[in-house]
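One structure is given here, and the rest of the page talks about it.
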Amino acid sequence: KGKYLPIPLDKAATIVSTRGMFFDEASTVERMIFPDWTPKTFKGVPFQLVDPQGDKARNVILLHGPQGTKAPTMPKSVTVPCNTSARAIHLLSGASGWGYQGGTARETVSMIVRLHYEDGKIEDHQLKDGVHFADYIRKIDVPGSEFAFALRGQQIRYLAVLPKREVLIKEIEFVKGPDRTAPIVMAVTVETR
């Protein structure tokens, strides 16, 4: 184990990002496509992407949202293994369907990052629309995350969650918040203690 531990999302992924993700699989606008699917680095943090193999393999986590045709069929929570203590959990995320598009932010909870510690305790980190999350459709800046990569015209952002405890984290759970957004997680890397 080095300082950074990329968490593979292949088993947890819920949708193929190279097809339309929100209304119509044929829609070219509703896709999030990297020029290639090799590992990426942002601010020194390595991220491991899941290669969708054209449009065959699920490669991102899209959580439930009340709108569109696809988001209502997505799960309200997804869990990935961690099995280490963490200084930080780095995410290529911060983009959603029906997210903040500028103007006055609603600051509703889009997604909760729920840490399940080995001793049974749980710690929630609320990520808010208009603070940490913005709509995927174009580059829209919000204060709690940073623009990371342009995926054709769409955006994926970077943010980090800082665990409050030094105890081993068994699992990281991504839980849909109560608002109308459909949050996306493209990659997760744990920075070990």
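Could you work out the local net charge near Ala105, counting Lys and Arg as +1, Asp and Glu as -1, over the other residues with Cβ closer than 13 Å to its Cβ?
Local charge sum for Ala105: -3.
If you find the alpha carbon centre of region 112-169 and of region 1-35, how far apart are they in angstrom?
Their Cα centres are 16 Å away from one another.
Could you pull the Rg and Dmax for region 66-166, using just the Cα atoms, both in Å?
For region 66-166, the Cα-based Rg and Dmax read 14.6, 44 Å.
Find, to one decimal place in angstroms, the Kirkwood hydrodynamic radius of the chain, where the mean of 1/r is taken over every pair of different Cα atoms and then inverted.
16.4
Set the bar at 30 Å for Cα to Cα. Now go through Lys40/Lys76; Lys70/Lys164; Lys40/Lys121; Lys56/Lys139; Lys70/Lys121; Lys139/Lys176 and name every pair that lies beyond it.
Lys70/Lys164; Lys40/Lys121; Lys70/Lys121
Of the accessible area of region 1-92, with the probe set at 1.4 angstrom, what percent is carbon plus sulfur?
53
Using a Cα-Cα cut-off of under 12 Å, which aspartates and glutamates could be cross-linked to Lys128, ignoring same-chain neighbours fewer than 8 residues away?
Candidates past the 8-residue exclusion: Glu107, Asp179.
Pull up all non-local amide H partners of Lys170: gap of 5 or more, or a different chain, and H-to-H distance under 5 Å with H placed in the peptide plane.
So Lys170 has HN proximity to Asn83, His116, Tyr117, Glu118.
Within region 1-69, report the trypsin sites (Lys or Arg not before Pro) that DSSP leaves as loop and that have at most 11 other Cβ atoms within 10 Å.
Lys1, Lys11, Lys43, Lys56
Return the Rg/Rh ratio of region 1-76 with Cα-based radii and a Kirkwood Rh.
1.02
The values are calculated or read from the model by the stated rules, or taken from the named source; none is laboratory data. Predicted, not measured: the structure shown is a model, and the values here were computed from it. Here Cβ is always computed from backbone atoms with ideal geometry, including for glycine, and neighbour counts include all displayed protein chains. These area figures cover heavy atoms from the full protein model, side chains too; ligands, DNA and RNA do not enter into them. Shrake-Rupley method; radii C 1.70, N 1.55, O 1.52, S 1.80 Å.
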